[in-house]
Amino acid sequence: MKKILGVALGLALCLSLACACAEEIASPSTEVGPVVIAGEDVRQAMEPADMVPGYVDEEAEAVAGTVEQAMADFSIGGTVMGLVRDSGVYALFTGHWKNGVMILISFVLLYLAIVKQFEPLLLMPIAFGMLLTNLPLAGIMDEPIYEIISNPMYHGKAGIPILTSDGVLIGYQYVKQNGGLLYYLYQGVKLGIFPPLIFMGVGAMTDFAPLIANPKSLLLGAAAQLGIFLAFILALALGFTPAEAGSIGIIGGADGPTAIYVTTKLAPGLLGPIAIAAYSYMALVPVIQPPIMKALTSKKDRQIVMGQLRPVSKTEKIIFPIVVTVLVSLMLPSAAPLIGSLMLGNLFKESMVADRLSKTAQNELMNIVTIFLGVTVGATAKAETFLQARTIAIIAMGIIAFGGGTAGGVLLGNLMCKFSGGKINPLIGSAGVSAVPMAARVSQKVGQAENPSNFLLMHAMGPNVAGVIGSAVAAGVFISMFG
């Protein structure tokens, strides 16, 4: 009970802080004109016709930067005031108070990760990334700043020629200031690299034997994706764009890497709220699912003892990832990165001839990518984008998506129970959400509470791993439609 109250208090605090600061932050748009840099279309800050790059006199710069000039400009009072103005404390009290709110929210998430141990492997780096990006003036997530001048050479470096679409030379581009550390690490998320690598690790740790032994459980995994489409429809009704609605809906798959992958493709501006909602609800599986499971099933059905699954041969385990990759990728090419990585990791494991690769995917690679993914995703939760009214709407729709997915799996489980003559326990349908293996453990726990001799774990693992495939397929559908 204390655990549930702690989580509820933490989420309530996050919501109240966001609600107190909720407002749409609109920034004036600037029309930009296309230019060509090294043969690629890019955008610039002003119209090419209005842009007249200046020439920088390097000798004058050198004179301005001499020790004599610095001593002439030096004053103790000015130096002290400069240090004060450059401090993060000063910035917090002069226009960056929202960053302070986000820092408090990051503290709440760190508390949930460390003290309450809710998905600590991901919630901790996400929370710390949120903390880092909201430290005023740290610039750890800042984009690089470029300048365009007329010097073909500047400080011994050749500039990149900037041309208009008509081939007229505008000037030469130089890096004025490098981006922050997390900006460059974030490119792994933005370019869709990290989530498939996570899937490879998941595949190397997943046993698909329960699904192979009972192919009908694939239907339960598909039914549990109902929450994705319920949230998608609700988001559309609330005025979100189809791409944003698809990103919100995928929270219902209870698969953090999939949610991140889809959001970076369709609605990168919502990445922070969606990632935090997805991983928070994954951590709350033992809290959210049992009431829904009990409400939709009878005590008699919850006590059903299922027969033992048939043995699965090594050949079947090896053929399965290959066949799934080919079939899914041919039907839905946009799902190939996720499904392909998942099945490659599983093939490393099941082939038993690539033990080093399997262990690397499960351990070193998985751990390194998890750190980079978590910290950089958390760093997207900046105050100006996170503290908005629609953040609250996203978190609310996330719980609807998650609950809808659980209900969809259980309802189909009820139907299969009736058609099988009472041989299928409907509780295993709740494991169709792809929170592996937590959702399967919840099915086992609820079933054993009703009947101590009931062992549903392996039966629930079938829908559970099917849910991983189902969420990846749903992601491919949204990317194909709106990407």
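Nothing in this text is a laboratory measurement; each read-out follows from the coordinates by a stated rule. Note that the structure is predicted; figures quoted are calculated from it, not measured. Cβ sites come from the backbone with ideal geometry, for glycine too, and all protein chains shown count toward neighbours.
Residues of the range 420-434 with backbone nitrogen within less than 19 Å of a virtual label 7 Å along the Cα-to-Cβ line of residue 295, please, listed as ranges.
426-433, by backbone N distance to the label point.
Can you give me the distance in nm between label points at residue 384 and residue 146, each placed 7 Å from the Cα along the Cα-to-Cβ direction?
2.0
For the range 187-482, what does the relative contact order come out to in percent, with C-alpha contacts under 8 Å and a separation of six or more?
Working: 585 pairs, mean separation 107.4, N = 296.
Value for the range 187-482: 36 percent.
Which FRET efficiency value, to the nearest 0.05, is calculated for residue 155 and residue 104 with the Förster distance at 56 angstrom and r the Cβ-Cβ distance?
0.85
Could you list 271, 230 in order of exposure, starting from the residue whose Cβ has the fewest other Cβ atoms within 10 Å?
Listing 271, 230 from fewest to most nearby Cβ atoms yields 230, 271.
Sort 456-467, 404-415 by the packing proxy (mean of other Cβ within 10 Å over each peptide's residues), most packed first.
Ranking, from highest mean packing down: 456-467, 404-415.
How far apart, in nm, are two points set 7 Å out from the Cα along the Cα-to-Cβ line at residue 368 and at residue 418?
It is 5.3 nm.
Averaging sequence separations of C-alpha pairs under 8 Å and six or more residues apart, then dividing by the length of the range 353-459, give the relative contact order as a whole percent.
After rounding, I find 14 percent.
What is the log10 of I(q)/I(0) for the range 153-207, computed with the Debye formula using one identical point scatterer on each Cα and no solvent, at q = 0.15, 0.22, 0.30 Å⁻¹?
Results for the range 153-207 at q = 0.15, 0.22, 0.30 Å⁻¹ read -0.70, -0.90, -1.05.
Tell me, what is the FRET efficiency for residue 175 and residue 137 to the nearest 0.05, using R0 = 22 angstrom and their Cβ-Cβ distance as r?
Details: r = 20 Å, r/R0 = 0.91.
According to the calculation, E is roughly 0.65.
Distance in nm between label sites at residue 305 and residue 481, each 7 Å beyond Cα in the beta-carbon direction?
4.4
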